[in-house]
């Protein structure tokens, strides 16, 4: 990605082989993350673009089709994505829904809280020695 937000590909991938950098997105890209065999880019409007093998649905297009070139993820268009990160075969995007009104949000939060019996974490008793647990 250059300082103007243009994304380039080169090398060998699902897109074929490019022996020199080739422009693949000219949409003011501000962030890029790459997983095992796929990638996600975010433009300055917050729209996410994905490409790659999509063997586990990681591209976010509700299918398993390979995308040779970046395609916009329209399901996330109305979300205010703050950060996106790729893992080996998954993507995590942090944001909020721009289409939810403040009143709907308060109602939703109240509904969630009323269904929770105890919001505090509980310490589990174990006969084993303590071990570190790391997600991933």
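Bear in mind that the values in this text are calculations on the coordinates, not laboratory data. Just so it is clear, the model here is predicted, and its values are computed rather than measured. All Cβ positions, even for glycine, are placed from backbone atoms using ideal geometry, and neighbour counts span all protein chains on display.
Points worth noting:
- Modelled label reach - residue 30, point 7 Å along Cα→Cβ, segment 45-69 residues with backbone N closer than 20 Å: 45-51
- Average Cα contact separation per residue, segment 40-102, under 8 Å, 6 or more apart, as relative contact order %: 28
- Multiplying the residue separation of residue 90 and residue 37 by 0.36 nm and removing their Cα-Cα distance gives an extension gain of 18.0 nm.
- Sorted by Cβ density within 10 Å, fewest first, the residues 59, 64: 64, 59
- Ranked list, fewest to most other Cβ atoms within 10 Å of each Cβ, for 4, 79, 44: 4, 44, 79
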